[in-house]
Amino acid sequence: MKSLPTTLLYACSSNAGKLAEFAQAAGESTSATFRILPLPGIKQLTPPEESGSTFAENAALKALYYSRFTNELVFGDDSGLEVDGLGGAPGVLSARFAAPDATDEQNNELLLAKIAGVSQRSARFVTVIALARGEQLLTSCSANVAGEILPALRGVNGFGYDPLFFYPPLNRSFAELTNPEKFAVSARGKAFRGVLQWLSEANL
């Protein structure tokens, strides 16, 4: 039996949760073999300023910036939570909602404070993943998943706003899902599968 070709992909992130999700998606591919690793030395690099006004702009900005440091394929993602009752906030500021270096706990506390008394609690996670090599943008894929904001934290899994994001089809918060359950339906999972599908067909 002929072995599948292996494609190395460097993630513009050292976040363990994200890397685990990306690796899970890569392992699902039946048309190619993908190896997902954090960009070597990324912790020593000064990150780019995420100055984009959209998730797509920030994802492309990160992918293009980090592609300067390797000849391999690099992908950058930008994700966030959009809450309808808050006019789409926190949006692109999701990771730094409470402060530039805010913790997940601080961001969740601020979200709960701002949505207290707000009846419109529908929300969505949005992810855009951009793929680049040699400072050239190759493709990008976007996805979202709809849910509602809970009045209090629920669950201990996941990260970010997962304990406040209720997913009606499974009747649980994202932080109450197992990693495989979450990634099967998450915006990040959907977007990354789109990138892998593009790569499987691109014959780079």
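Here, each number is a calculation from the coordinates, and none is a lab measurement. In this text, all values refer to a predicted model and were calculated from it rather than measured experimentally. Note that we place each Cβ from the backbone using ideal geometry, even for glycine, and neighbour counts take in every protein chain shown.
So how far apart, in nm, are the two label points at Q197 and S119 if each is 7 Å from Cα heading toward Cβ? The two pseudo-label positions are separated by 3.9 nm.
Taking amide H as placed 1.01 Å from N in the peptide plane, S13 has its amide H under 5 Å from the amide H of L39, each at least 5 places away in sequence or on another chain. Convex hull of alpha carbon positions in region 34-90: directionally averaged projected area 5.0 nm². Full extension of the chain segment joining L93 with A23 gains 22.6 nm, where the gain is 0.36 nm per residue of separation less the Cα-Cα distance. The fraction of Cα-Cα pairs per 10 angstrom bin, counted from 0 for region 18-57, comes to 23, 31, 37, 9 percent, rounded to whole percents. Between S67, S142, S29, the GNM of the chain built on Cα springs shorter than 10 angstrom shows S29 fluctuating the most.
Counting Lys and Arg as +1 and Asp and Glu as -1 over every other residue whose Cβ lies under 13 Å from the Cβ of G194, the net charge comes to 0. With K and R counted +1 and D and E -1, the other residues having a Cβ less than 14 Å from that of A99 yield a net charge of -3. Angle of helix 16-28 to the longest C-alpha principal axis of the chain, folded into 0 to 90 degrees and rounded to 10: 60°. Based on alpha-carbon atoms, the Kirkwood radius and the radius of gyration of region 58-154 give Rg/Rh equal to 1.09. Counting only DSSP H runs of at least 4 residues, each contributing -39500 (n - 2.57), and dividing by the residue count of the chain, the helix-based mean residue ellipticity at 222 nm comes to -9000 deg cm²/dmol. Between amide H atoms placed 1.01 Å from N, distances below 5 Å from L73 occur with Y10, all of them 5 or more places distant or on a separate chain.
The Rg/Rh ratio for region 67-124, using Cα coordinates for both the radius of gyration and the Kirkwood hydrodynamic radius, is 1.16.
Derived scalar couplings between HN and Hα for region 144-154 equal 8, 9, 8, x, 9, 8, 7, x, 7, 5, 9 Hz in order, rounded to whole Hz, by the Karplus curve 6.51 cos²θ - 1.76 cosθ + 1.60 (θ = phi - 60°), x for Gly and Pro. Note on Cα Rg over 2.2 N^0.38 Å: of the candidates (1) 1.09; (2) 0.97; (3) 1.03, the value calculated from this structure sits at (3). Remark: region 117-125, residue by residue, has Karplus-estimated 3J(HN,Hα) of x, 8, 7, 7, 10, 5, 7, 8, 8 Hz, where x stands for each Gly or Pro and the curve is 6.51 cos²θ - 1.76 cosθ + 1.60 at θ = phi - 60°. Rounded to the nearest whole Hz, the Karplus-based 3J(HN,Hα) values (6.51 cos²θ - 1.76 cosθ + 1.60, θ = phi - 60°) of region 93-105 follow the sequence 8, 3, 6, 10, 4, 7, 5, x, 10, 5, 8, 4, 4, with x at glycine and proline.
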